[in-house]
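I have placed the structure first, in the form of structure tokens, so that the comments after it can refer back to it.
The values are calculated or read from the model by the stated rules, or taken from the named source; none is laboratory data. Keep in mind that what you see is a predicted model, and the values were worked out from it rather than measured. As a convention, Cβ positions derive from the backbone with ideal geometry for all residues, glycine included, and neighbour counts pool all protein chains shown.
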Amino acid sequence: MRFSENWINIDNDFKIRMSRNPVLRYAAKFLVATRLVKIDYNFLMPKVPPNYLLLNMAKQNLPFDTSSIKYCFTSHFIEHVPRVRAEEIARETHRVLKPGGVLRVVTPDLEVYTKNYLLSKKGDKKAREFWSKTYTECKTPAEKINALFARPANPEERYLGFKNPVSRYLKQSLASDLNHQWIYDFDDLRALLAGVGFRNIKRWQAQKGTVPDIGQLEIAGEESSIYLEAEK
């Protein structure tokens, strides 16, 4: 979780809700200090900046006036909502942006994962290393790719990649959603954004682009994601 002092930060993370409760903050400090849980305190109870807005974008719209925002940035969120809702969010973002304003989206890249899946089946060493760092509790690349992309009906299968009780609890409690809802490649995401009126849709690398404070907002060197900017 990354914040910037120069932005209105929007999130609905369970950890943020916990961190606002003084009793839970004290309990977390006790658990960490006594090593009953091996989790960094700042991860479990992140400091919330004053310019933070607790908002569930999976269900709520942006509380800003039309054509009032210069930049919008979203990272690893759009894949957690159904495609229909993603289109609604894109349209809502287009509404609040000023003419010439820019939306930057970071989301897992379907093309990268599928290419590495196919290469790993052929024994490619680099591809196997890529998958070895993803959902380490899964045994096979097929199980890993289903853990990333599937929307299983069986509740037990929702925990693919999270086998032990502690990791299962953390996934259920701390994640924004149990599973990804829709995974994009660049062409698919570009079509979605163009469909609601965005133009000049371009692909960038991590921490490269026209949006300010990218170094604070993004993690460098993440090769498995799409980095895209679109202009109103």
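Kindly establish whether Pro108 is at pLDDT below 95, of a type outside the set (A, V, I, L, M), touching a strand residue (DSSP E or B) at 6+ places or on another chain (Cβ under 8 Å) and crowded, with 17+ Cβ neighbours inside 10 Å. Yes; evaluated as a whole, the condition is true for this residue.
Of all residue pairs spaced 6 or more apart or on separate chains, those with beta-carbon atoms under 6 Å, a first member in segment 205-230 that is closer than 15 Å to Ser4 by Cβ and a second member that is among the β-branched types (Val, Ile, Thr) are Gln207/Ile214; Val211/Val102.
Matching residues to (1) in the same structural domain as Leu148 (by TED's automatic domain parsing); (2) modelled with pLDDT of 85 or more; (3) crowded, with 19+ Cβ neighbours inside 10 Å; (4) basic (Lys, Arg):
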site: Ala33; (1), (2), (3), (4): no, no, no, no
site: Ile39; (1), (2), (3), (4): no, no, no, no
site: Met45; (1), (2), (3), (4): no, no, yes, no
site: Ser67; (1), (2), (3), (4): no, yes, no, no
site: Cys72; (1), (2), (3), (4): no, yes, yes, no
site: His80; (1), (2), (3), (4): no, yes, yes, no
site: Ala90; (1), (2), (3), (4): no, yes, yes, no
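One residue stands out among those in segment 196-224 that are of a type in the set (A, V, I, L, M, F, W, C) and under 13 Å from Tyr71 (Cβ atoms): the one that is farthest from the chain's Cα centre (by Cα), which is Val211.
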